[in-house]
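Engineer: Once you've had a glance at the structure underneath, I'll fire off some questions.
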Amino acid sequence: MRHATHPMQFKPGTDVAMLNALIHVIIEENLYDEQYIQANASGFDALKEKVKDFSPEAVSEVCGIEADVLRDVARVYATSERSIIFWGMGVSQHTHGTDNARCLIALALITGQVGREGTGLHPLRGQNNVQGASDAGLIPMMYPDYRLVENVDIRGEMEDFWGRPLDPKRGLTVVEIMDAIHDDEISGMYVMGENPAMSDPDQVHARGALAKLDHLVVQDIFLTETCWHADVVLPASAHAEKLGTFTNTNRQVQIGRPALDPPGEARQDWELIVELANRVGLDWKYDGVGEVYTEMASVMKSLNFVTWERLNEEDVLCYPIDEPGGFGNEVIFTNGFPTPDGRGKIVPTDLLAPDEVPDEEFPMVLTTGRLLEHWHTGAMTRRSAVLDELEPEGIASMNGFMIEKLGLQAGQMIEVATRRGTIQAILRQDRDVADNMVFIPFCFNESPANRLTNPQLDPFGKIPEFKYCAAKVGAIAQKEAAE
Amino acid sequence: MTDQIKFTLDGKTVTASKDETIWEVAKREGTRIPHLCHLDKPGYRSDGNCRACMVEIEGERVLAASCVRNVTEGLVVKTETDRADKSRKMVFEMLAADMRPREESPDDQSDFWLWSESMGITGSDRFESKFDAGQHVEFDISNPAIAVNMDACIACNACVRACREVQVNDVIGMGERGSHSVPVFDLADPMGNSTCVTCGECVQACPTGALYEKTLMDDSNKKREIKEFDKVVDSVCPFCGVGCQTTMAVKDNKIVQVDGRNGPANENRLCVKVALAMITP
């Protein structure tokens, strides 16, 4: 915001209205790239029809941005030689998260702001290997390289490759898993390097599920909140104790090297997995991470020519690479898209309100996220002395105007409640938070934001609406001290 | 290519681009010119403050700061004349005169002391300065990870560029005037009370150790204690999706220092989580 020429602090949850207004202007004023659309996109006519109702004047009040500003931004985006879209979890963590992304894709496609240097769509992802893990098939419905498990041909290939029959059904995503435990469909779980007791929405429900499991194995480097529910904890190794690759949000595969010896009985993650596999009779044999990587890369076209040997020598390789020893293609989609017809698909979107909007009882909007100092659930960073000194305790942030309006004072302990639960946190004044909103980082286990969040999922992306639910904020209810 | 020019560097004819400085071309040609305020790292603008990189140019009355002087057609540059050498040495000597002796300095292996050593300067035995040091805070350990020892500061402005131009945090600026010029945090607040986000960029930029990691220092936070590492390992940050490349320095199976590497995603930059917090206390 501080550096923006066109800051747009829109009303939370109105992304689709605002983005469709930008598309409306681009189409109305003929700022779209006819030639690019004809060659590379499908679905433009339906989009044209859909956004007719989304004139900036019509949606200005909905999204809280003046019509002139919307028109300006649309013009600048469409007519600049190079425009690029960056976004964070504020776009995806909504029940309409997929629609938000569809709007952004449509913006890039109709203006041809994609497939060239300095253009495109760039989600800023949150984990150092979230790209690599997804690419490798750590998605419940995909094999490596996003190949669907429910496709018979693909499954056949993988069965041949691994020499054993594979489950034909797609797996469940995070929140679905917790529901399935409550529904007695899942009774055992093996969690590695994740802390769902802190990161899942509707924490009481999620922890209830973890507690209900017949058997829970957690493999981690610290005794996290999830470990509290575990029957067995396997001591894993920290990043500074292990060798392997991380793929960042820029498709750069980079090598991480061990600097320290693991403490006590801690083992390499891959060794623990292999050991478990062998005890259930799978007879796996690997010499080391390099061999695992090479097997993985052999079933991933995206990692063609991204060899273990080269990674060790060069430290970083951007995929895709076209030939042995070649450079990575930093810009992709230069010549169409990897779809059956080679075109980028435009999907028009409708307005869909957030699942739980404010009402009389819960008049404010709660949004959650991270702090600079604490990464994700704080499992690692809250154990750092420096970071603990910088951000030691659970906070909830509101702007000064809202704090005054509610008769509160920055620094006091407040109570934030939603339909899922109540937490206490120290009130912080932060001008970056919009009116009628409260922001709570989800890293503090003494003020766990996710006890409050709404587990409602985006129907397509299956991501929970972490960024929006109705909440109530007030001074902490004073209890009389016992005599 | 029209922007290519030819000039003479230490008697040798060299082809270079008009956009290059004498310092950059000299480096490419294998000549190391001393430098302090000029950081040979991506994102750093040369500022020509410290005068450690002076060279002689034929036909010019005064010496030129090679880090900010662009090459031009026909320029005759001499980096190794007595006059240039003496001038550079004098800069180091005068700066050393304002500092604690090397063995008592915050970082005795800083660029400043390594360059000084290469010139045979071990400190100063001159009389104490008759000028007062100004009103600024000399010693500030209010930040949990970074110690500020302003008596080692040479006001070279590298930390200001680090904070303002490289990381765009806008916390550090130059305060006071003239010989009292000194970097300050916000409105001369203690570092720990300022809006500093402890990214560590200024520590990476400082050529003297005036801004330095507490983990490498003794309990007084005035002197470097850990002087050598068992090993230095190139790796990647474990946290967010940016993928910053790091170098971890290890002593006794503990990480004691993390610096950014020139990776494609971070160009040496880091944030507090990995730069200063991965370190084992």
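Engineer: Report, ordered by the first and then the second residue, all pairs with beta carbons closer than 8 Å, sequence separation of six or more or different chains, a first member in segment A:265-292 that is touching a residue at least 60 places away in the same chain (Cβ under 8 Å), and a second member that is in a loop (DSSP other than H, G, I, E, B).
Structural biologist: Once the first residue is touching a residue at least 60 places away in the same chain (Cβ under 8 Å) and sits in segment A:265-292, its partners that are in a loop (DSSP other than H, G, I, E, B) give A:Asp269/A:Gly193; A:Asp269/A:Ala236; A:Asp269/A:Ser237; A:Asp269/A:Lys242.
Engineer: Within segment B:215-230, can one find any residue that is surrounded by fewer than 16 Cβ atoms within 10 Å (Cβ to Cβ), more than 13 Å from every other protein chain (Cβ to nearest Cβ) and under 24 Å from B:His35 (Cα atoms)?
Structural biologist: Checked segment B:215-230: at least one residue is surrounded by fewer than 16 Cβ atoms within 10 Å (Cβ to Cβ), more than 13 Å from every other protein chain (Cβ to nearest Cβ) and under 24 Å from B:His35 (Cα atoms).
Engineer: State which residue is nearest to the other protein chains (Cβ to nearest Cβ) when the search covers only segment A:381-407 and only residues that are surrounded by fewer than 18 Cβ atoms within 10 Å (Cβ to Cβ) and in contact (Cβ under 8 Å) with a residue 24 or more places away in the chain.
Structural biologist: Ranking the qualifying residues of segment A:381-407, first place goes to A:Arg383.
Engineer: While we're on this one: Tell me the residue from A:Thr249, A:Thr245, A:Thr224 that is under 21 Å from A:Asn129 (Cβ atoms), modelled with pLDDT under 95 and either of a type outside the set (Asp, Glu) or within 21 Å of the chain's Cα centre (by Cα) (or both), please.
Structural biologist: It is A:Thr249.
Engineer: For segment A:21-75, how many residues meet the condition of being touching a helix residue (DSSP H, G or I) at 6+ places or on another chain (Cβ under 8 Å), among the polar types (S, T, N, Q) and farther than 17 Å from A:Thr119 by Cβ?
Structural biologist: Selection size over segment A:21-75: 2.
Engineer: Just wondering, is there one or more residues in segment B:69-86 that are outside the structural domain of B:Asp151 (by TED's automatic domain parsing) and under 29 Å from B:Val168 (Cα atoms)?
Structural biologist: Yes - at least one qualifying residue is present in segment B:69-86.
Engineer: A further question follows. Looking only at segment B:235-277, which residues are at the interface with chain A (Cβ under 7 Å from one of its Cβ atoms), closer than 19 Å to A:Met380 by Cβ and of a type in the set (A, V, I, L, M, F, W, C)?
Structural biologist: Residues satisfying the conditions are B:Val236, B:Cys237, B:Phe239, B:Cys240, B:Val242, B:Met248, B:Val250, B:Ile255, B:Cys271, B:Val272, B:Leu276, B:Ala277.
Engineer: Quick one: is A:Arg419 touching a residue at least 40 places away in the same chain (Cβ under 8 Å), exposed (fewer than 15 other Cβ atoms within 10 Å of the Cβ) and more than 23 Å from A:Phe466 (Cβ to Cβ)?
Structural biologist: When the stated conditions are applied, A:Arg419 does not pass them.
Engineer: Now, a different point. Identify, from the list A:Gln131, A:Gln113, the residue that is part of a loop (DSSP other than H, G, I, E, B) and surrounded by 16 or more Cβ atoms within 10 Å (Cβ to Cβ).
Structural biologist: A:Gln113
Engineer: Does B:Asp230 meet the test of being among the acidic types (Asp, Glu) and touching a Lys or Arg at 6+ places or on another chain (Cβ under 6 Å)?
Structural biologist: Working: among the acidic types (Asp, Glu): yes; touching a Lys or Arg at 6+ places or on another chain (Cβ under 6 Å): yes.
The answer is yes for B:Asp230.
Engineer: Can we say A:Gly244 is within 13 Å of another protein chain (Cβ to nearest Cβ) and either in contact (Cβ under 8 Å) with a residue 24 or more places away in the chain or buried (at least 19 other Cβ atoms within 10 Å of the Cβ) (or both)?
Structural biologist: Details: within 13 Å of another protein chain (Cβ to nearest Cβ): yes; either in contact (Cβ under 8 Å) with a residue 24 or more places away in the chain or buried (at least 19 other Cβ atoms within 10 Å of the Cβ) (or both): yes.
So A:Gly244 fits the description; yes.
Engineer: Suppose we keep only residues that are hydrophobic (A, V, I, L, M, F, W, C) and either over 18 Å from the mean Cα position of the chain (by Cα) or under 18 Å from A:Arg2 (Cα atoms) (or both) within segment B:168-184. Which one would you say is nearest to the other protein chains (Cβ to nearest Cβ)?
Structural biologist: Out of the qualifying residues, it is B:Val168.
Engineer: Would you point out the residue of segment A:1-20, among those that are over 25 Å from A:Arg116 (Cβ atoms) and polar (S, T, N, Q), that is farthest from the other protein chains (Cβ to nearest Cβ)?
Structural biologist: So the residue we want is A:Thr14.
Engineer: Hey, can you tell me all the residues within segment A:266-316 that are in a helix (DSSP H, G or I), over 27 Å from the mean Cα position of the chain (by Cα) and within 14 Å of chain B (Cβ to nearest Cβ)?
Structural biologist: A:Asn312, A:Glu313, A:Glu314
Engineer: Within segment B:189-277, considering only strands (runs of 3 or more DSSP E) that don't extend past its boundaries, which have at least 3 residues that are without any contact (Cβ under 8 Å) to a residue 60 or more places away in the chain?
Structural biologist: By residue number, B:231-236, B:245-251, B:254-260.
Engineer: Report the residue count in segment B:25-83 for those that are touching a residue at least 24 places away in the same chain (Cβ under 8 Å) and on the phi > 0 side of the Ramachandran plot.
Structural biologist: 3
Residue-by-condition table, conditions (1) within 30 Å of A:Glu34 (Cα to Cα); (2) more than 14 Å from chain B (Cβ to nearest Cβ); (3) within 25 Å of the chain's Cα centre (by Cα):
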site: A:Arg125; (1), (2), (3): no, no, yes
site: A:Val130; (1), (2), (3): no, no, yes
site: A:Gly163; (1), (2), (3): no, yes, no
site: A:Pro168; (1), (2), (3): no, yes, no
site: A:Ile181; (1), (2), (3): no, yes, yes
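Engineer: With respect to A:Gly171, determine if the residue is closer than 23 Å to A:Trp270 by Cα, of a type outside the set (Val, Ile, Thr) and touching a Pro at 6+ places or on another chain (Cβ under 8 Å).
Structural biologist: yes
The values are calculated or read from the model by the stated rules, or taken from the named source; none is laboratory data. Quick caveat: nothing in here was measured; it's all calculated off a predicted structure. Please note: Cβ atoms are built from the backbone with ideal geometry, for glycine as well, and neighbour counts cover all protein chains shown.
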